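J.: Submitted below is the structure of interest, expressed as structure tokens.
The values are calculated or read from the model by the stated rules, or taken from the named source; none is laboratory data. Here the structure is a predicted model, which is why all the values come from computation and not from measurement. With ideal geometry, Cβ positions are generated from the backbone for all residues, glycine too; neighbour counts draw on all protein chains shown. What goes into the accessible areas is simple: the full protein's heavy atoms, side chains included, and nothing from ligands, DNA or RNA. Shrake-Rupley method; radii C 1.70, N 1.55, O 1.52, S 1.80 Å.
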Amino acid sequence: MPDQPRLNLPVPGECAEWPPCKKSGLAHDAAAASGEVEVTYLPDDPGTYRVEGASGGLALATVLLATAALLLVVGLFLLVRGRTRPELRMVATADVRRVPPGALLERVNGNDYVVRGDIEELADDELVLQVADRRVRVLLDGHVNPASYQQSVEVRGTMIG
């Protein structure tokens, strides 16, 4: 910092008590040999200074690292918590129909439901629908599925779990 004033100060006898003496390496050896330390300070506030060669504190880095770790843990918790909702299971009582996009999980009567959502997984005898924040596994039980992956469908069936 060429535009800031520098000052050579004498090193006190008990260096361990004085904060700028937390120096390391060549700067410490030079200060011990000459009995002086070089200080850069702000012209308007001489109480704000930096001793050349002094090792900086790690407080800010520690706080930032701890905050980042805490945010990571909270983010992972929310991610895992969102995926741990139990998957619903139903047996289709009618053929699958293609419908416009939209989510619906509606009880019709007793354990009979109408489910509308996007196909997330597809197999010959079953499919998995993403219905808002829920997953519903539908066992086709011989009923026809005209849709493919990521298409919106509606299924009527009996909820079994």
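J.: Of the residues in region 51-74, how many are modelled with pLDDT under 90 and open to solvent by less than 80 Å² (accessible area, probe 1.4 Å)?
T.: 9
J.: Tell me the residue from 48, 40 that is at pLDDT below 90, of a type outside the set (D, E, K, R), assigned to a strand (DSSP E or B) and out of contact with any Asp or Glu (no Cβ under 9 Å at 6 or more places or on another chain), please.
T.: None of the others qualify; the one that does is 48.
J.: Working only within region 75-96, note down all residues that are open to solvent by 70 Å² or more (accessible area, probe 1.4 Å) and part of a helix (DSSP H, G or I).
T.: At the first step, the residues of region 75-96 found to be open to solvent by 70 Å² or more (accessible area, probe 1.4 Å) are 76-81, 83-86, 89, 93, 95.
Across region 75-96, the qualifying residues are 76, 77, 78, 79, 80, 81, 83.
J.: Show the residue pairs that are 6+ apart or on different chains and have beta-carbon atoms under 6 Å apart, the first residue being within region 60-74 and free of Cβ contacts under 8 Å to residues at least 12 places away in the same chain, the second being assigned to a helix (DSSP H, G or I) and surrounded by 10 or more Cβ atoms within 10 Å (Cβ to Cβ).
T.: Close Cβ pairs (under 6 Å, with a partner that is assigned to a helix (DSSP H, G or I) and surrounded by 10 or more Cβ atoms within 10 Å (Cβ to Cβ)) do not exist here.
J.: Considering only region 102-115, I want to know if a residue exists there that is touching a Ser or Thr at 6+ places or on another chain (Cβ under 8 Å), modelled with pLDDT of 70 or more and surrounded by fewer than 13 Cβ atoms within 10 Å (Cβ to Cβ).
T.: yes
J.: Okay, moving on. Given the criteria within 29 Å of residue 81 (Cα to Cα), β-branched (Val, Ile, Thr) and open to solvent by less than 70 Å² (accessible area, probe 1.4 Å), does residue 99 qualify?
T.: Spelling it out, it is not the case that residue 99 is within 29 Å of residue 81 (Cα to Cα), β-branched (Val, Ile, Thr) and open to solvent by less than 70 Å² (accessible area, probe 1.4 Å).
J.: Now for a separate question. Output the residues belonging to region 116-146 that are outside any strand (DSSP E or B), open to solvent by 10 Å² or more (accessible area, probe 1.4 Å) and touching a residue at least 40 places away in the same chain (Cβ under 8 Å).
T.: 133, 141, 143, 144, 145, 146, listed by residue number.
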